C-alpha cells in the first residue's frame, strides 16, 4: 500500500506532455469564431511562448515571455541555419510581442515543412520543430497547416 503514491509519481514522471494547446471560441455569429493555438515553453524564464490566433479571415501571432520585459523588439528567426532579422511590436508591459505577418507566415510555412525554427529575442530563445495534429472536427488549423 505504501508504494501506490510512489507508483503514480513514477508513472506521471514518465508520461510525455505536449507543450501545445488548442482552445476554441464559438459565437452565435460565425465571423466571431476563433481558435487559439499556443505553444508553452518548457523554460519558463528564458523560453518563448508562441500563440497563433485564427479568425475567419486571418491568423495573428504573438510571442510571450515570462521573465524581464523585452527592451529591444528585434526578432532573430533561424530556419535551417539561415538567420533573418525582423522587428516586432511590444505590447504594454513588454512581455508580449506582436509578430509581423511576414514573420508569422515564414514560421508557419517552416513548421508545415517540418523544419526546425529557432527564435531569439533580447535574451530569450526557443526552438520549435513542428505543430501537433488536433482533432479535425475542432480545428481548422489542420486545413491551413496540413502537417
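Read-outs throughout are calculated quantities, based only on the coordinates presented, and are distinct from any laboratory measurement. Please read these numbers as outputs of a predicted model, since none were measured by experiment. Quick reminder, even Gly has a Cβ in these numbers, built from the backbone with ideal geometry, and neighbours come from all protein chains shown.
Using the Cα gyration tensor of segment 16-145, with a ≥ b ≥ c the square roots of its eigenvalues, what is the shape: rounded (a/c below 1.5), prolate (a/b larger than b/c) or oblate (neither)?
Here segment 16-145 falls in the prolate category.
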Legend entry - 104, 82 arranged by Cβ crowding within 10 Å, fewest neighbours leading: 82, 104
Inset, instruction - With an 8 Å cut-off on Cα pairs and a minimum separation of 6 or more residues, tell me the relative contact order of segment 16-145 in percent. - result: 19
Legend entry - Rough spin-label spacing in nm, given labels placed 7 Å along Cα→Cβ, for residue 82 and residue 105: 1.5
Legend entry - Length added when fully stretched, residue 22-residue 58, from 0.36 nm per residue minus Cα-Cα: 11.3 nm
